[in-house]
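Structure first, then comments.
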Amino acid sequence: MSRSAWRRPVRISEALSAAFRRLGLEERIRQHEIWRVWTSVVGPQIAQHAQPHGIWQGRLIVHVSDSVWLHHLSMMKHRLIPALNEKLQISVVREMILRIGEIPVLSPPPPASPGADLVSPADPAQTARIEALLAPLGDAPFRDALRRLLLRSSSRSADESSR
């Protein structure tokens, strides 16, 4: 390929936007932003009992945990639909359909009993290697969970080799 046939480099965001437009997926992607903004629009208490399940032709299907929440949200529909569209900065939702259904768990599991995950390997050098391995990770909860897993694994390996 000659140099004259090369295209100029473009930003990945521009390339993806163009590809989504060509494929007709731009509107579907905007519609799925509802899952991202839902909790900020309805609040954490409602979000624990009601979650978007799907969207089709402007109809947002929301699963609620029981009939009490179904009734509560049916009274709030007239405020929720404009609030969602405002947050999305585009009119995506024109109708909200409420159904009793499964709600995914949003809150993290309760912490284990104190000291349950505190396992220290017998070898301090192994601890230093684990810390060096985890140093580049930025996500603190993920890093801490991985640290506990590696320390537990290292401790079990040490226990099994001493047998």
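From the set of residues in the stretch 1-13 that are assigned to a helix (DSSP H, G or I) and modelled with pLDDT under 85, which is nearest to the chain's Cα centre (by Cα)? The extreme case among them is Ser13. Checked against (1) surrounded by 15 or more Cβ atoms within 10 Å (Cβ to Cβ); (2) β-branched (Val, Ile, Thr); (3) not assigned by TED's automatic domain parsing to the domain that holds Arg94, Ile12 passes all but a single condition, namely (1). When we screen Gly58, Gly43 for residues that are at positive phi, in contact with a strand residue (DSSP E or B) (Cβ under 9 Å, 6 or more places away or on another chain) and either in contact (Cβ under 8 Å) with a residue 60 or more places away in the chain or not β-branched (Val, Ile, Thr) (or both), the only hit is Gly58.
Counting the residues of the stretch 29-59 that are more than 18 Å from the chain's Cα centre (by Cα) and assigned to a helix (DSSP H, G or I) gives 0. For the stretch 120-130, the set of residues classified as surrounded by 13 or more Cβ atoms within 10 Å (Cβ to Cβ) and either assigned to a helix (DSSP H, G or I) or at pLDDT 75 or above (or both) consists of Gln126, Thr127, Arg129, Ile130, listed by residue number.
Could you tell me which numbered condition Arg28 fails, if it satisfies all but one of (1) more than 22 Å from Ile103 (Cα to Cα); (2) surrounded by 14 or more Cβ atoms within 10 Å (Cβ to Cβ)? The number of the failed condition is (2).
The values are calculated or read from the model by the stated rules, or taken from the named source; none is laboratory data. Since the model is a prediction, treat every value here as computed from it, not as a measurement. We place every Cβ from the backbone using ideal geometry, glycine too, and count neighbours over all the protein chains shown.
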